[in-house]
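S.K.: Below is the structure I would like to discuss, written out as C-alpha cells.
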Amino acid sequence: MAIVTAQVINRYYENYKNTEITFSKEIIHTLKMDPRQVYIKCSGLQWPCIINSTSFSQAKIILGTKSGAYAVLSNKSAPPVSLRFCFYQPDGQLMSFFVTAKVYLIEPYMNSTDLSIITIQYTQRPPDDLILMIGNILDANFNAARRKEERILITQESMRKLGLQKKEIVIYIQNVPRHCILQDLSFGGARIVLLGLAKFLINKEALIQLEFEDPHETISIRGIIVRTDFIEGRKDIISASIKFAEDSISLAYKVHINKYIANTKRKELDNKFTAGELEDAQPADEIKPASPVQPENSAT
C-alpha cells in the first residue's frame, strides 16, 4: 500500500505541480488548516503571515508593509525563507512542517499601501503530507468536472469507502421532510427510493442530507428531481433522480466522492502489483531436455 500511496503522491506532484489553490474559508475548513499558526521564517526569526495561495512550486503570502517580516523580505539581498504550514490531524493533534523557498516577487495587495503580497518560490519539493492533502482537493475538483455523471452504487462496500454512515437518509422536498433510501451517488446527483406519486415529485426542489465519517460531518445538497421511475410491482414506491445545483456541491462532498474513486484506483494498482509479484515468484518454465545427440556414423 505504501508503494501505491507513493505513486499517488508522485502523480499529484507531476499533474498539479503548477496548479494554484487559493485558501478560501471552505478550503481551510476542508484541510483542517490552522491559519493562525502559519509563519514565515527568515534569518532565525519567524513572523505570522496570511497565506493567500499555494501550488507545489510556489506560494503567495500577505504581509503588512510596516512589519519586520516585510522589512527583511523586501531587501534585495533577502536570505532564504521557510513557510510553516499547520494542520489538525483526525486525532486532534497538530501537524506542522516548513517548506524552504526564496523571495520571487513583491507587489501591493489590491493596490493597498499597507499590505503586500509576496510570491515565494519553493527551492525543494514540498513534504509528501502537503502534496497529498492539496492533491486530494485538486484531484477532487478535476474529477468532479470530468466524471460528473459516473454513478456509485450504494452497497456496504461502497459506503465504507465513501465514509457514508447510512443509506437511510432524509430528503426535504419543497421543505417537507421525507424518509428515503439512497440508491446511488455521483458528483452531480443522486438517486433515491421513496414512497410517493411520480407526478407530485417531478421537477420539485429537493435537499438531501448525507452523514459522513472521517471526518464526521453532515453535508446538505440542493437539487431538482429530474426523473421518476416506478418500482416494479409497487405503485406507491418510486425511484427519483436528483440533479444537484452546481453552487450547492461543497468541496467536502467532492472529496468524499473522489476518495471512493481514488480507493478504487489504488485497489486496482494493488491487484496489479500483487499479480506482478506472483508472476515474478512463479518458477521458471521447466527446461526441456535436449534432443538426444545422434551418434556419429561409424567408419565401415
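The values are calculated or read from the model by the stated rules, or taken from the named source; none is laboratory data. What you see is a predicted model, and the numbers here were worked out from it, not measured in a lab. Cβ placement follows ideal geometry from the backbone for every residue including glycine, while neighbour counts extend to all protein chains displayed.
S.K.: I'd like the full set of residues that are assigned to a loop (DSSP other than H, G, I, E, B), over 26 Å from the mean Cα position of the chain (by Cα) and in contact (Cβ under 8 Å) with a residue 40 or more places away in the chain, limited to region 176-215. Give the steps one after another, and end with the answer.
M.R.: Residues of region 176-215 assigned to a loop (DSSP other than H, G, I, E, B): 186-188, 196-197, 201-204, 213-215.
Cutting the leftovers down to over 26 Å from the mean Cα position of the chain (by Cα) gives us 196-197, 201-204.
Matches in region 176-215: 196, 197.
S.K.: Checking residue 92 against (1) more than 30 Å from residue 256 (Cβ to Cβ); (2) out of contact with any helix residue (DSSP H, G or I) (no Cβ under 9 Å at 6 or more places or on another chain); (3) of a type in the set (Gly, Ala, Ser), which test does it fail?
M.R.: Evaluating residue 92 over (1) more than 30 Å from residue 256 (Cβ to Cβ); (2) out of contact with any helix residue (DSSP H, G or I) (no Cβ under 9 Å at 6 or more places or on another chain); (3) of a type in the set (Gly, Ala, Ser) leaves (1) as the failure.
S.K.: I need a count of the residues in region 6-28 that are of a type in the set (Ser, Thr, Tyr), closer than 21 Å to residue 119 by Cα and part of a helix (DSSP H, G or I). Full working, then the answer.
M.R.: At the first step, the residues of region 6-28 found to be of a type in the set (Ser, Thr, Tyr) are 12-13, 16, 19, 22, 24.
Going one step further and asking which of them are closer than 21 Å to residue 119 by Cα, we end up with 13, 16, 19, 22, 24.
Those still in the list that are part of a helix (DSSP H, G or I) too: 13, 16.
Summing the residues that are of a type in the set (Ser, Thr, Tyr), closer than 21 Å to residue 119 by Cα and part of a helix (DSSP H, G or I) in region 6-28 gives 2.
S.K.: Residues 136, 143: which one is under 30 Å from residue 32 (Cβ atoms), touching a residue at least 40 places away in the same chain (Cβ under 8 Å), touching an Asp or Glu at 6+ places or on another chain (Cβ under 9 Å) and part of a helix (DSSP H, G or I)? Steps first, please.
M.R.: Numbers: 136 fails: touching an Asp or Glu at 6+ places or on another chain (Cβ under 9 Å).
Testing whether each residue is under 30 Å from residue 32 (Cβ atoms), touching a residue at least 40 places away in the same chain (Cβ under 8 Å), touching an Asp or Glu at 6+ places or on another chain (Cβ under 9 Å) and part of a helix (DSSP H, G or I) leaves just 143.
S.K.: Moving on to the next point. Sort through 61, 51 and tell me the only one that's closer than 14 Å to residue 130 by Cβ and surrounded by 16 or more Cβ atoms within 10 Å (Cβ to Cβ). Step through it out loud before you land on a result.
M.R.: Working: 61 fails: closer than 14 Å to residue 130 by Cβ.
That would be 51, the only listed residue that is closer than 14 Å to residue 130 by Cβ and surrounded by 16 or more Cβ atoms within 10 Å (Cβ to Cβ).
S.K.: Could I ask something else about it? Find the residue count for region 108-120, including only residues that are surrounded by 13 or more Cβ atoms within 10 Å (Cβ to Cβ) and polar (S, T, N, Q). It would help to see each step written out before you state the result.
M.R.: So the first thing to find is which residues in region 108-120 are surrounded by 13 or more Cβ atoms within 10 Å (Cβ to Cβ), and the list is 109, 115-120.
In the following step, the residues that additionally are polar (S, T, N, Q) were identified as 116, 119.
Summing the residues that are surrounded by 13 or more Cβ atoms within 10 Å (Cβ to Cβ) and polar (S, T, N, Q) in region 108-120 gives 2.
S.K.: Further, regarding this structure: From the residues in region 216-225 that are among the β-branched types (Val, Ile, Thr) and touching a residue at least 24 places away in the same chain (Cβ under 8 Å), which one is farthest from residue 241 (Cα to Cα)?
M.R.: Our first condition is that a residue be among the β-branched types (Val, Ile, Thr); within region 216-225, this holds for 218-219, 221, 224-225.
Those left that are additionally touching a residue at least 24 places away in the same chain (Cβ under 8 Å): 219, 221, 225.
On the way: 219: 18, 221: 14, 225: 6 Å.
Ranking the candidates gives 219 first.
S.K.: Specify the residue that is modelled with the highest pLDDT; the eligible residues are those in region 74-101 that are more than 29 Å from residue 30 (Cβ to Cβ) and not small (Gly, Ala, Ser).
M.R.: Across region 74-101, the extreme among qualifying residues is 80.
S.K.: Follow-up question, since we're still on this one. Out of the residues in region 213-238 meeting the condition of being in contact with a strand residue (DSSP E or B) (Cβ under 6 Å, 6 or more places away or on another chain) and within 30 Å of residue 33 (Cα to Cα), tell me which one is surrounded by the most Cβ atoms within 10 Å (Cβ to Cβ).
M.R.: Taking the candidates together, the pick is 223.
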